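Enquirer: Structure in C-alpha cells, see below.
All of the numbers you see were taken from the coordinates with simple rules; none came from a lab. Quick caveat: nothing in here was measured; it's all calculated off a predicted structure. Glycine also receives a Cβ, built like all others from the backbone with ideal geometry; neighbour counts cover every protein chain displayed.
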Amino acid sequence: MPVYTAAVALYMVVQFVETAPVHDAMGTAALSAFIVSTFFARGVYQVSGALFFAFGVGLFCFGWALLVRRVKRYAVMALCHWKERTEGLGNYFFMFLGAGLFVEMLARSPLLAGLGGWFRVGAEHSVWLYGMIAVYFFATSFVGFHPLVNLTLLMPLLVPAVPLSIVLVCCSLATVMYSPYNISVSLLAEELGDNPYRIGRRNVPFALGYMAGGIGIALLAERLFFG
C-alpha cells in the first residue's frame with residue numbers, strides 16, 4: 001500500500017504546482033516509494049521483492065503517466081523501446097538456461113570437492129583465502145562464469161562470516177566491470193559497437209583496485225570486530 005498512498009499524495013501536490021523541478025522531484029519521490037515498497041512485498045503480498053518489482057514497474061509507470069497527463073507520449077515511447085530492447089533477449093535467455101544446467105551438473109561432479117580442497121588449505125590464513133577468492137572470480141569470469149554461478153559453487157565450501165561476505169560481494173560485483181561475458185559489458189559493447197574484451201581490459205585496473213579495497217576492508221573489520 002505505500003505505493004498507492006504516495007501516488008495519491010503526489011497527485012494532489014502536482015495539481016497545484018506546475019513547475020518542472022517540482023514535477024521531477026515528485027517523480028523521484030514516487031519512484032523511491034515504489035522501490036521501498038518492494039522490500040515489504042514479501043510480507044504483505046507473499047511474493048518476492050524482485051517479482052513484485054518486475055510485474056509492478058509497468059503498472060507504476062503507466063499510473064504516473066496518467067497522473068501527469070502524458071499517457072499518449074508514454075505509450076509511444078514504451079512501445080518503441082519495447083521493440084528495440086527485446087530484439088536480442090532470446091540470446092540471454094538461453095545463456096542463463098545453459099548456466100543453470102551447468103551449475104546443477106557441476107555441483108554433482110567430483111570437481112567441486114577438488115575446489116573445496118584448495119579453499120580449505122587457504123582458510124588457515126584470511127589473507128590467502130580472500131586472495132584466492134579474488135583470483136577465482138577474476139579467472140573464471142574470463143571463461144564465461146557468471147558471478148551468481150561462482151557464488152553458488154563457493155557457498156557450500158565456506159563458513160559464513162561478515163568479513164567473508166564483504167569479500168564475496170566486492171569480488172562478484174567487480175566482474176560486471178571487465179567480464180566480456182557479463183550482460184553489462186555485452187550490452188555496452190553492443191551499444192558502442194566495440195569489442196567486449198577491449199572494454200573489459202580497460203576496466204581491469206579499476207576492478208582489481210575495487211577487489212583489493214574490499215579485501216582490505218574485510219581484513220580491517222576482521223581485526224577490529226572479530227579478532
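Enquirer: Please give the peptides 111-120, 139-148, 177-186 ranked by average Cβ packing (other Cβ atoms within 10 Å per residue), highest first, as a rough proxy for protection. Display every interim value, and only then the final one.
Expert: Details: 111-120: 12.3, 139-148: 16.7, 177-186: 19.0.
In descending order of packing, they fall as 177-186, 139-148, 111-120.
Enquirer: Consider all pairwise Cα distances in the stretch 89-225 and report the whole-number % of them above 18 Å.
Expert: On the way: 5342 of 9316 pairs.
Here the tail beyond 18 Å accounts for 57 percent of pairs.
Enquirer: A further question on this structure: Using θ = phi - 60° and the Karplus form 6.51 cos²θ - 1.76 cosθ + 1.60, what ³J(HN,Hα) does each residue of the stretch 72-85 get, whole Hz, x for Gly and Pro?
Expert: In residue order, the calculated couplings are 5, 5, 5, 5, 5, 5, 5, 5, 4, 5, 4, 5, 6, 7 Hz.
Enquirer: Follow-up. Can you list the HN-Hα couplings for the stretch 141-154, worked out from phi with the Karplus curve (6.51, -1.76, 1.60; θ = phi - 60°), rounded to whole Hz and with x for Gly and Pro?
Expert: Result, ordered by residue: 5, 8, 10, x, 6, 7, x, 5, 5, 4, 5, 4, 6, 7 Hz.
Enquirer: Now, a different point. Quick check for you: which residues of the stretch 86-130 have the amide N under 13 Å from the point 7 Å beyond the Cα of residue 223 toward its beta carbon?
Expert: Only 126-127 fall inside the zone, counting backbone N under 13 Å.
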